[in-house]
1. Mind checking which residues of region 133-149 are buried (at least 19 other Cβ atoms within 10 Å of the Cβ) and not in a helix (DSSP H, G or I)?
2. Out of the residues in region 16-35 meeting the condition of being touching a helix residue (DSSP H, G or I) at 6+ places or on another chain (Cβ under 7 Å) and not in a helix (DSSP H, G or I), tell me which one is nearest to A61 (Cα to Cα).
3. Being within 19 Å of L144 (Cα to Cα) and either in a helix (DSSP H, G or I) or of a type in the set (A, V, I, L, M) (or both) is the requirement here; does A99 meet it?
4. If a residue must be farther than 14 Å from G78 by Cα and among the β-branched types (V, I, T), how many such residues does region 13-50 contain?
5. Spot the failing condition for V152; the list is (1) buried (at least 21 other Cβ atoms within 10 Å of the Cβ); (2) closer than 23 Å to T63 by Cβ, and only one is missed.
6. What tally of residues in region 12-67 results from selecting those that are under 23 Å from R133 (Cα atoms) and among the acidic types (D, E)?
7. Considering region 110-132 alone, what residues qualify as being under 16 Å from the mean Cα position of the chain (by Cα), buried (at least 16 other Cβ atoms within 10 Å of the Cβ) and in a helix (DSSP H, G or I)?
8. If I ask for residues that are aliphatic (A, V, I, L, M), crowded, with 17+ Cβ neighbours inside 10 Å and assigned to a helix (DSSP H, G or I), which ones from region 36-89 would you list?
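The values are calculated or read from the model by the stated rules, or taken from the named source; none is laboratory data. Predicted model, so just to flag it, every value in this text is computed and none were measured. Note: ideal-geometry Cβ built from the backbone for every residue, glycine included; neighbour counts use all protein chains shown.
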Amino acid sequence: MFYPDKRKKRSLSSMNRYEQAVAYHHKGFNCCQSVLAAYSDLTGLSQQASFDMGGGFGAGAQTGELCGAITGAILTLGMLTPVDPQDPVGSKRRTGALAKEFQKRFQEKFGDLRCKPLLKAGIQATDATPVARDMALTNRCDVLIITAMEIVEEMRGENA
């Protein structure tokens with residue numbers, strides 16, 4: 001496991017998806033970029049495209065509103081649920097339902113979806129999901145990123 005406080009130099013390719021996301025965040029990428037880039041192998045986006053696409057979504061799209069980890073997760077779920085050009089309305093409903101379900105689960109975990117209140121909430125790894133606890137994360141954004149990714153993984157497993 002990758003522990004941010006005790007990290008050794010490892011290549012990103014030797015890290016798991018969660019470790020990669022935390023490493024991106026520690027390099028200075030925002031929460032949305034970190035989630036998107038960690039899923040680039042599944043979404044088909046290049047690492048650079050993930051960084052570019054997620055660039056404006058940090059700090060709640062610079063407004064303190066919707067958490068960037070949530071935005072990155074919803075974008076990822078959307079990329080993993082391709083639009084059917086023959087059924088754009090049905091596709092939109094499917095993706096919208098995934099976004100709603102994701103947000104419901106995230107809010108159940110932390111009580112909010114907005115960046116500013118989440119940052120003030122004093123969130124710790126013990127408040128989160130198993131991987132966040134196992135990684136012994138101390139940075140609240142790292143906890144939010146990893147928890148968002150764990151919810152994505154739960155949803156992927158349910159929809160497989």
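1. Scanning region 133-149 gives M135, L137.
2. Here the answer is N30.
3. Judged against the criteria, A99 is a match.
4. Count: 1.
5. Failing condition for V152: (2).
6. Residues flagged as under 23 Å from R133 (Cα atoms) and among the acidic types (D, E) within region 12-67 amount to 1.
7. Selection gives F110, C115, L118, L119, A125, V131, A132.
8. L36, A37, A38, M53, A59, A69, I70, A73, I74, L75, L77, M79
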